[in-house]
1. Could you check how many residues of region 52-111 are touching a Leu at 6+ places or on another chain (Cβ under 8 Å), surrounded by 14 or more Cβ atoms within 10 Å (Cβ to Cβ) and not hydrophobic (A, V, I, L, M, F, W, C)?
2. Specify which of the listed residues (A164, A106) is over 22 Å from L59 (Cβ atoms), among the hydrophobic types (A, V, I, L, M, F, W, C) and at pLDDT below 90.
3. Of T9, T50, T36, which residue is of a type in the set (S, T, Y) and more than 35 Å from the chain's Cα centre (by Cα)?
4. So which residues in region 112-136 are surrounded by fewer than 17 Cβ atoms within 10 Å (Cβ to Cβ) and part of a loop (DSSP other than H, G, I, E, B)?
5. Does any residue of region 59-75 turn out to be modelled with pLDDT under 85, among the basic types (K, R) and over 27 Å from the mean Cα position of the chain (by Cα)?
6. From the list T5, T50, T100, T36, exactly one residue is modelled with pLDDT under 95 and either in a helix (DSSP H, G or I) or in contact with a Gly (Cβ under 8 Å, 6 or more places away or on another chain) (or both). Which is it?
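The values are calculated or read from the model by the stated rules, or taken from the named source; none is laboratory data. Computed from a predicted structure; not experimentally measured. All Cβ positions, even for glycine, are placed from backbone atoms using ideal geometry, and neighbour counts span all protein chains on display.
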Amino acid sequence: MTRRTTRRTQWLLLALTLLLLGALLVAERIAEHRRTEAAEGARLQALARTVADNLHQQLQALDNAPVSVRNDFPRIDDASAAAASHRLKVLSDVMPGARTMLVLDAQGKVLAASRAEMLGRDFSERNYFQRPRTRPDPRTLYVSAPSPRRSACTRSTWCAPSSAPAAHSKGR
């Protein structure tokens, strides 16, 4: 073997060794990335379950609140409006997801409210009033799509209004 061939062989071995080392480093980085992705995916799954459980509990409370108010105040008139409003205030204060609670009449006018400034307002054009009115089912909690702050949600940036229809003796 000549000296030139020996050098060429040495350079070739060095290049192959460096190439193999680079391939091993790349393979290790890919494996590390996959491990990190799996760990973070599991962490995100756990967080998603926590959020889903929390949201489920809040929606269950939002579903139970109108039933409770309907049972305690089957008819809201001038005499019972203050008591109903107080009840709504207490409920909205203890329910972290509820900012404002209202009882509307069949025309969309506020009869009782957790916030006094809402009394007498007309919400008949709002989706959370219109949707249950077209398909009233007292067993259903209607949840509207989240939207930027509206008059009934002034304490938060985004809100998702929910409503539950109540039928009086004539079924309306």
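1. Residues meeting the conditions: 4.
2. Values: A164 fails: over 22 Å from L59 (Cβ atoms).
Result of the check over A164, A106: A106.
3. Details: T50 fails: more than 35 Å from the chain's Cα centre (by Cα); T36 fails: more than 35 Å from the chain's Cα centre (by Cα).
None of the other options fit; the residue is T9.
4. L119, G120, R121, S124, E125, R135, P136
5. Yes, some residue in region 59-75 is modelled with pLDDT under 85, among the basic types (K, R) and over 27 Å from the mean Cα position of the chain (by Cα).
6. Values: T50 fails: modelled with pLDDT under 95; T100 fails: either in a helix (DSSP H, G or I) or in contact with a Gly (Cβ under 8 Å, 6 or more places away or on another chain) (or both); T36 fails: modelled with pLDDT under 95.
Going through T5, T50, T100, T36 in turn, just one is modelled with pLDDT under 95 and either in a helix (DSSP H, G or I) or in contact with a Gly (Cβ under 8 Å, 6 or more places away or on another chain) (or both): T5.
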